[in-house]
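Notes to accompany the following structure.
FYI, it's all coordinate maths here, none of it is from the lab. Since the structure is predicted, the reported quantities are computational estimates derived from the model, not experimental observations. All Cβ positions, even for glycine, are placed from backbone atoms using ideal geometry, and neighbour counts span all protein chains on display.
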Amino acid sequence: MTTSVRYRATLAYVGTQFHGWQIQRNADRTVQAVVEAALTRFAGAPVRVVAAGRTDAGVHADGQVVHFDLPEARGRQAIREGANTLLPGDVTLLEVVEARQSFHARRDAAWKEYVYRWSRAEVIAPRDSPFVAAISRACDPARMADAAEALPGTHDFGVFGVRLPAGAAPPTVRTLYGVAIEEVGEQIRAVFRGDGFLRGMVRSLCGVLADVGRGKAPPSRIAELLTTGERRLLAPKAPAKGLTLSRVHYGAG
């Protein structure tokens, strides 16, 4: 009897030309579909890939983690290099390691980290443009940081998630371990670390933070949304291109 071997891989991708992570009937180019096709060709047998989290259309990843099973043991370098020769240039396996058979990329994740980037530059260079959202030079990161102070902790973040039918809606309580607003040159960055994120949650939060930074909403707006759940107080979602899944952590610490 042949036993499959489980592997854990870290991958990066530029989300611009992908319709998100998950395979969809009406979208022929998703990250999952492309990675599964490459690994299936490499292995000579169907391979299913499970990710730590699903990213939406246009969202990038520097440290997405996946697991998959191969019908026989292969060297980790051989898997990485073999798959990368079959992958398009906007997605790459960074690392492949053998994992215990019970390892699950999503269920075993302790926390995930997302980074949102805005640029206050008068002109954004082409190499930066796919990865940052433009924002007014007058945007005040101190106001954004004041608003973000309401986010760490366990809350019902349902108001910030995509509205789904009652039967399909997941639980909306999540824990954010930290939210930091950083200035890096002409960029403003929001870093979110939490045990899980609702679909659309980070972009929705960043839309509100951007309005606060521009003076279009008070710094109390985040706390008000968490308390009331009033969707009429939301701002338009921040553009997908500014968002990157930067890291997935496993184990304690």
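Here are the numbers for this structure:
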item: Pair list, Cβ under 8 Å, 6 or more apart: segment 35-57 residue closer than 13 Å to Gly20 by Cα, other residue assigned to a helix (DSSP H, G or I) and of a type in the set (Lys, Arg); result: Asp56/Arg203
item: Residue selected from segment 79-100 under the condition touching a helix residue (DSSP H, G or I) at 6+ places or on another chain (Cβ under 9 Å) and within 15 Å of Val5 (Cα to Cα), by the criterion surrounded by the fewest Cβ atoms within 10 Å (Cβ to Cβ); result: Val97
item: The one condition in (1) loosely packed, with under 15 Cβ neighbours inside 10 Å; (2) touching a residue at least 60 places away in the same chain (Cβ under 8 Å); (3) of a type in the set (Gly, Ala, Ser) that Ala12 fails to fulfil; result: (1)
item: Among residues of segment 230-245, those that are farther than 20 Å from Ala134 by Cβ and assigned to a loop (DSSP other than H, G, I, E, B), counted; result: 2
item: Residue list for segment 110-160, restricted to those being in a strand (DSSP E or B) and among the acidic types (Asp, Glu); result: Glu113, Asp156
item: Only one of Val34, Val50 that is of a type in the set (A, V, I, L, M), surrounded by fewer than 18 Cβ atoms within 10 Å (Cβ to Cβ) and within 25 Å of Gln101 (Cα to Cα); result: Val50
item: Residues being assigned to a loop (DSSP other than H, G, I, E, B), crowded, with 16+ Cβ neighbours inside 10 Å and of a type in the set (D, E, K, R) - total across segment 209-229; result: 1
item: Count of segment 182-208 residues which are closer than 30 Å to Asp108 by Cβ and crowded, with 20+ Cβ neighbours inside 10 Å; result: 11
